[in-house]
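Colleague: Quick one: the structure is below, and I'll ask about it shortly.
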Amino acid sequence: MKLTNTLLLAGSMAALPALGFAQDAAAAPDINPYIFTTLLFLIGGFLVFWMAAGFAMLEAGLVRSKNVTMQLTKNIALFSIAAIMYWLVGFNLMYPGDGWTIPGLLGALFVPTSLEPVGLDAADAALDYASVGSDFFFQLMFCATTASIVSGTLAERIKLWPFLIFVAILTGIIYPIEASWQWGGGFLSEMGFSDFAGSTLVHAAGGFAALAGAFVLGPRIGKYKDGRTVPMPGSNLALATLGTFILWLGWFGFNGGSQLAMGTVGDVTDVSRIFANTNMAAAAGAVAALLLTQLLYKKPDLTMVLNGALAGLVSITAGPLDPTLFGALWIGAVGGVIVVFTVPMLDKMKIDDVVGAIPVHLVAGFWGTLVVPVYTDGTSFITQIIGFAAIGAFVFVVSLIVWIILKGIMGIRVSEEDEINGLDMAELGMEAYPEFSKG
Amino acid sequence: MKLTNTLLLAGSMAALPALGFAQDAAAAPDINPYIFTTLLFLIGGFLVFWMAAGFAMLEAGLVRSKNVTMQLTKNIALFSIAAIMYWLVGFNLMYPGDGWTIPGLLGALFVPTSLEPVGLDAADAALDYASVGSDFFFQLMFCATTASIVSGTLAERIKLWPFLIFVAILTGIIYPIEASWQWGGGFLSEMGFSDFAGSTLVHAAGGFAALAGAFVLGPRIGKYKDGRTVPMPGSNLALATLGTFILWLGWFGFNGGSQLAMGTVGDVTDVSRIFANTNMAAAAGAVAALLLTQLLYKKPDLTMVLNGALAGLVSITAGPLDPTLFGALWIGAVGGVIVVFTVPMLDKMKIDDVVGAIPVHLVAGFWGTLVVPVYTDGTSFITQIIGFAAIGAFVFVVSLIVWIILKGIMGIRVSEEDEINGLDMAELGMEAYPEFSKG
Amino acid sequence: MKLTNTLLLAGSMAALPALGFAQDAAAAPDINPYIFTTLLFLIGGFLVFWMAAGFAMLEAGLVRSKNVTMQLTKNIALFSIAAIMYWLVGFNLMYPGDGWTIPGLLGALFVPTSLEPVGLDAADAALDYASVGSDFFFQLMFCATTASIVSGTLAERIKLWPFLIFVAILTGIIYPIEASWQWGGGFLSEMGFSDFAGSTLVHAAGGFAALAGAFVLGPRIGKYKDGRTVPMPGSNLALATLGTFILWLGWFGFNGGSQLAMGTVGDVTDVSRIFANTNMAAAAGAVAALLLTQLLYKKPDLTMVLNGALAGLVSITAGPLDPTLFGALWIGAVGGVIVVFTVPMLDKMKIDDVVGAIPVHLVAGFWGTLVVPVYTDGTSFITQIIGFAAIGAFVFVVSLIVWIILKGIMGIRVSEEDEINGLDMAELGMEAYPEFSKG
């Protein structure tokens, strides 16, 4: 429902006369839809910003205490780098601009966004949509989210700088290109692929980038031993739970803001429906994981419940508008089930994903994308699979190449000694909890 | 001021013509009130959602570290269950629908809300109020809050599953029935009972459910010994403080959103007044507890200050609109004083309330309900007491019955050994802070 | 752009007819700007409220565990006291009212704000701006922020009560007087001084009050020994990072809300531009500190990165509207550089600033104020320096006097023994993490 629908929407509004602020009621253009939609982007944007804090807390809580400072550093750095790269390259690459482009495949390169003040420029003067600045602010947060997903999977063993270089490439180039295929009006949107708020474009893409990294990087020392998976429990489940609640809150902005319009009765009603469905899917994912871990292991597993809620959220993200509340419930619940089964499966394949980001974002992202046609007219399972495969293949292959190059040039993994001692002291010389002695 | 006033409000707006989106300025219906009020529900709703995280952090910070994982699990699970139960049963039970009802006492049973997409259905088409989806989203959060209150009191000794079964009954049946008496247009609203945002309907109700549970469950082992109360300090006061700040923030949505309208100058001005009063009451409650603990114990007590702020919030919740800022100050301050005196009183009665939820939500909830007539015309102390007593008696008795049944069927308390070792290892097999050795 | 511009803005709107809610489209006054701007204050206000939690977490994370309960107590108490003092004295002192005033220098004293209900009074009836209640709510949060800055610098050695007395004077008198010089239409605003959201009025002012306190209080025992600075690492970097993210989020309200209007296309577009620039400056500050600490120390320093982001935010606060995104980038980046160089400089001067508040808020506040004329027409470097100097001198001198008087009357520093044992046990008798043994 992103850009393309937006354009339709904008088109369906009556053309408004040029700028005129006079309060002559009969003749005044209706500026309120512009204000409402801009406000939606601002509120949605700050909620999605907040997800960066959620990922930071979730990951800091799920790594061992010797790697917490590093995980926090990676999270605040990756968001900051994403903010700069998306301005420098990404935004124009994602939305076709004035530069050199391959229509439908590649946007304009290396035109930093808005060296002119973001604001009342040509695009705004039409008054028929929303502020470009608010749109940039909102879209930037999605780009940053993609990078947040990667840091969790690769935690506890990847070096800081190669990771951040990868983030720069992911947020400046890889994400904007694949996202442009759908939200920039590219070939996937023309094919009829449907991904409302980014189950594939954001979440699965982040998951594929993480998966490629996990292959090149290998598992943590001692994780897989004599055919067994050795548990390495997170150091602070209160933080992990806080992070999950933050992500859940931010997701209202993520999905609700993706309506991309709030200036009509229909749009604001749709935003409401998205809020209700998003919440239901998260709740159902959590409950499904709770029940399932009770059944399977006789003890509920909090980290599974947290990831179940997140998987529910990812699952509803490709189509949060059209399902009924009952639809959101079962779609989200399946997401929770997926997590419980996929986490040990990855371990069997010796893919070491520290926080469970691949089950949550990639696998549940696939599920959410696949299920769209059940409730959304004009979509097909085949097209959904093709779209997912196209983006998955592109992101995975390019990421793999980048990871391999980074490994060749500078190495991406810390030394064995540093890994055992923890990245905090080895790479940063600073402990997160220097006074709490280790048990 | 809830539903009934809302209906009046809606009635006082000019009837709007049927759906017409044409931008013909002279004839266009004014859709902005609909959008503004829907937006109020969405913003208010996500702020109240955030309170679920606040309760989780507050409670996780106030229990001992051996029970933190369990407290976190309960909090995310109870919210998720509330979200499902309120959809499955509660919403229709609370607001009279098409099903079998007892007018003024009981709504429609077991009609899951909105198997049809929430949205532009009959209720919306009138365009004279707000989106049903946004209203559902907002009201759901109040239902979940009621359950959050219970988990704190019963912490550190109740089994997970009986607690969650109680939550399902509380959020699906008990809360919706008593809330319908006032907000569903039932007999209390006809009597002239006044509870703007739920000092009684949400907070005291949660407190009564918790109190009934505390009676049936009994105090923690070792809490009351030889006539003395043994302090069992919380494991993480930083988390508890964070939780309090989160709740304070969420309360702006709780009270402000309960204006239930934002589309006129009068309504948005009222919402502003509510924000200012809510903040003042919290501040006054915190300062009162700070000064009083200094005077009484010569040392300020942070947990009392936190609960003082929360008690100030609960106290203003029954009538956050009408008082002056000075009124909000003294009403909130009395709330803070109540906490400081009630917490040790409960201990004398050997009612073990781990986080102080009964003083904060039940006792300050009574105070807030009682004091409404001082500033709100057309209300009476007698009616306020009757309303509080009716809801209190109903919730307490039904909860007591449910707890006793649960105790009989499956037992609600962990074994002595499990309680001493902590619920985290005994029931979940997962520590919250596995690396921080115990002092 | 604060009050003065607002008045201009309000003046430029067409005068609206008196209250009339009839939906007669042709004749209806446009009430939407009033609602939008009130909503901006409410959203902006709750976001800035949230910054109080951010400061609490940042400071609790950066002090040693033996002082965490105290730091939390100070933070919730200072916010509460600020809320009361700003109502009792501050708001009327800051904005010229009906009382005894010195025009341009001093507002009305000791007229508690709005003993009458905040709301539909004379100021509102004009319908040409926004609700007084929402404005009070928003401005109060800025006053509280000023006090939050002080608590960090003076941590780990100052007594609770003298600190809180200082807070009462700062928020009731010192801040409102200096802020009135600019935002209350005083002599600085007439001179053409420009401080959009408070780099000087809020942040540097808080920094000067902290600096005065640090002089009178002296450094912590053992901090400077034999010409060396002894590192005293913070006890919980996860909390410190959370605090930084909270502050970053709150800052969208801080800067965006300071547009003080959202009811026109131009205003909401400006708010969007401010959001985008604020985010960019924070990101650039973080990246600058990351790169610089890598270059200087060969190891990135997380606390510097966090403070770098905050310094970026402070730097853009004096002029978040006019710069391009590139402008926000370099202004914020310089803020990050300032932090990295100023923190050790202060240590050389034996000014012990526990959390780095002086570099972040005072020094970067100066930078942000100074750089305004690069992008904002009609401002001059000289005037910016004069304004900064006037406010700095006033706040520093008055604060110094207050600190010296407090020291004389009651002593402001805990005993040597109490400082070594930690303020938590000595002054409060309550540990923040009683079960985590000290390493």
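Colleague: Listed residues A:A328, A:A333; which is open to solvent by 10 Å² or more (accessible area, probe 1.4 Å), within 13 Å of chain B (Cβ to nearest Cβ) and of a type in the set (G, A, S)?
Modeller: Values: A:A328 fails: open to solvent by 10 Å² or more (accessible area, probe 1.4 Å).
Unique residue meeting the criteria: A:A333.
Colleague: While we're here: For the condition in a helix (DSSP H, G or I), more than 7 Å from chain C (Cβ to nearest Cβ) and in contact with a Phe, Trp or Tyr (Cβ under 9 Å, 6 or more places away or on another chain), what is the one hit in B:A276, B:A282?
Modeller: Residue meeting the stated conditions: B:A282.
Colleague: Given the criterion assigned to a helix (DSSP H, G or I), surrounded by fewer than 24 Cβ atoms within 10 Å (Cβ to Cβ) and within 12 Å of another protein chain (Cβ to nearest Cβ), identify the matching residue among A:T303, A:T241, A:T293. Please lay out each step first, then the result.
Modeller: Working: A:T303 fails: surrounded by fewer than 24 Cβ atoms within 10 Å (Cβ to Cβ); A:T241 fails: surrounded by fewer than 24 Cβ atoms within 10 Å (Cβ to Cβ).
Only one candidate qualifies: A:T293.
Colleague: Return yes when A:V287 is touching a helix residue (DSSP H, G or I) at 6+ places or on another chain (Cβ under 6 Å) and open to solvent by 10 Å² or more (accessible area, probe 1.4 Å) and no when it is not.
Modeller: yes
Colleague: Just wondering, is there one or more residues in segment A:422-430 that are in a helix (DSSP H, G or I) and more than 28 Å from the chain's Cα centre (by Cα)?
Modeller: Looking through segment A:422-430, at least one residue is in a helix (DSSP H, G or I) and more than 28 Å from the chain's Cα centre (by Cα).
Colleague: Being touching a helix residue (DSSP H, G or I) at 6+ places or on another chain (Cβ under 7 Å) and more than 25 Å from C:A390 (Cα to Cα) is the filter here; which residues of segment C:337-377 pass it?
Modeller: C:V337, C:V340, C:V354, C:V355
Colleague: Continuing with this model, one more query. Would you point out the residue of segment B:125-162, among those that are surrounded by fewer than 24 Cβ atoms within 10 Å (Cβ to Cβ) and of a type in the set (F, W, Y), that is nearest to B:L88 (Cα to Cα)?
Modeller: Ranking the qualifying residues of segment B:125-162, first place goes to B:W161.
Colleague: Now for a separate question. Could you please find all residues in segment C:306-325 being open to solvent by 10 Å² or more (accessible area, probe 1.4 Å) and within 19 Å of C:S272 (Cβ to Cβ)?
Modeller: If the condition is that a residue be open to solvent by 10 Å² or more (accessible area, probe 1.4 Å) and within 19 Å of C:S272 (Cβ to Cβ), then C:G319, C:L321, C:D322, C:T324 are the ones that fit.
Colleague: I would also like to ask the following. Residues being open to solvent by 10 Å² or more (accessible area, probe 1.4 Å), of a type in the set (A, V, I, L, M) and assigned to a helix (DSSP H, G or I): count how many of those fall in segment A:30-51.
Modeller: Summing the residues that are open to solvent by 10 Å² or more (accessible area, probe 1.4 Å), of a type in the set (A, V, I, L, M) and assigned to a helix (DSSP H, G or I) in segment A:30-51 gives 2.
Colleague: Continuing with the same structure: For segment C:140-181, give me each residue that is among the polar types (S, T, N, Q), closer than 28 Å to C:I43 by Cα and modelled with pLDDT of 95 or more.
Modeller: Within segment C:140-181, C:T145, C:T146, C:S148, C:S151, C:T171 meet the criteria.
Colleague: Further question on the same structure: Is there a residue being in a helix (DSSP H, G or I), in contact (Cβ under 8 Å) with a residue 24 or more places away in the chain and crowded, with 24+ Cβ neighbours inside 10 Å anywhere in segment C:261-270?
Modeller: Yes.
Colleague: Just to be sure I understand, how many residues within segment B:163-193 are open to solvent by 10 Å² or more (accessible area, probe 1.4 Å), within 14 Å of chain A (Cβ to nearest Cβ) and among the polar types (S, T, N, Q)?
Modeller: 0
Colleague: Condition first: outside any helix (DSSP H, G or I) and in contact with a helix residue (DSSP H, G or I) (Cβ under 8 Å, 6 or more places away or on another chain). Now tell me which residues in segment A:52-65 satisfy that.
Modeller: A:V63
Colleague: Right, here's the next one. Inside segment C:48-65, can you point out the residues that are of a type in the set (A, V, I, L, M, F, W, C) and either touching an Asp or Glu at 6+ places or on another chain (Cβ under 9 Å) or more than 9 Å from chain B (Cβ to nearest Cβ) (or both)? First the steps, then the outcome.
Modeller: Kept after step one, since they are of a type in the set (A, V, I, L, M, F, W, C), are these residues of segment C:48-65: C:48-53, C:55-58, C:60, C:62-63.
The answer is C:V48, C:M51, C:F55, C:L58, C:L62, C:V63.
Colleague: Follow-up question, since we're still on this one. Identify, from the list C:V265, C:V314, the residue that is β-branched (V, I, T) and within 8 Å of chain A (Cβ to nearest Cβ). Before the answer, list the steps.
Modeller: Numbers: C:V314 fails: within 8 Å of chain A (Cβ to nearest Cβ).
From the options C:V265, C:V314, the qualifying one is C:V265.
Colleague: Take segment C:378-403 and flag every residue that is aliphatic (A, V, I, L, M) and either in contact with a helix residue (DSSP H, G or I) (Cβ under 6 Å, 6 or more places away or on another chain) or at pLDDT below 95 (or both).
Modeller: Pass one, segment C:378-403, residues aliphatic (A, V, I, L, M): C:382, C:385-386, C:389-391, C:393, C:395, C:397-398, C:400-402.
Scanning segment C:378-403 gives C:I391, C:V395, C:V398, C:L400, C:V402.
Colleague: Here's another thing I want to ask about it. For segment C:414-432, give me each residue that is away from every other protein chain (no Cβ under 11 Å) and either open to solvent by 40 Å² or more (accessible area, probe 1.4 Å) or over 18 Å from C:S235 (Cβ atoms) (or both).
Modeller: C:V414, C:S415, C:E416, C:E417, C:D418, C:I420, C:N421 - these are the residues of segment C:414-432 that are away from every other protein chain (no Cβ under 11 Å) and either open to solvent by 40 Å² or more (accessible area, probe 1.4 Å) or over 18 Å from C:S235 (Cβ atoms) (or both).
Colleague: Let me ask something else about it. If B:V397 satisfies every condition in (1) out of contact with any Ser or Thr (no Cβ under 7 Å at 6 or more places or on another chain); (2) crowded, with 19+ Cβ neighbours inside 10 Å but one, which is the exception?
Modeller: Every condition holds for B:V397 apart from (2).
Colleague: Looking only at segment A:310-365, count how many residues are outside any helix (DSSP H, G or I) and of a type outside the set (D, E).
Modeller: Going through segment A:310-365, the residues outside any helix (DSSP H, G or I) turn out to be A:318-324, A:349-356.
Next cut, of a type outside the set (D, E) only: A:318-321, A:323-324, A:349-351, A:354-356.
Selection size over segment A:310-365: 12.
Colleague: Has segment A:225-235 got any residue that is at pLDDT 95 or above, crowded, with 24+ Cβ neighbours inside 10 Å and of a type outside the set (F, W, Y)?
Modeller: Yes; the residues of segment A:225-235 include at least one that is at pLDDT 95 or above, crowded, with 24+ Cβ neighbours inside 10 Å and of a type outside the set (F, W, Y).
Colleague: Then there is this: Limited to segment B:66-89, what total is found for residues that are more than 7 Å from chain A (Cβ to nearest Cβ), over 18 Å from B:G206 (Cα atoms) and open to solvent by 10 Å² or more (accessible area, probe 1.4 Å)?
Modeller: 2
Colleague: Residues to consider are C:G250, C:G185; find the one that is at pLDDT below 95 and either closer than 28 Å to A:L72 by Cβ or not in a helix (DSSP H, G or I) (or both). It would help to see each step written out before you state the result.
Modeller: Numbers: C:G250 fails: at pLDDT below 95.
Answer to the check: C:G185.
The values are calculated or read from the model by the stated rules, or taken from the named source; none is laboratory data. Note that the structure is a prediction, hence the values are computed from the model and not measured. Note that each Cβ is placed from the backbone with ideal geometry, even for glycine, and that neighbours are counted across all protein chains shown. Just so you know, the surface numbers come from the protein's heavy atoms only, side chains and all, with ligands and any DNA or RNA stripped out. Shrake-Rupley method; radii C 1.70, N 1.55, O 1.52, S 1.80 Å.
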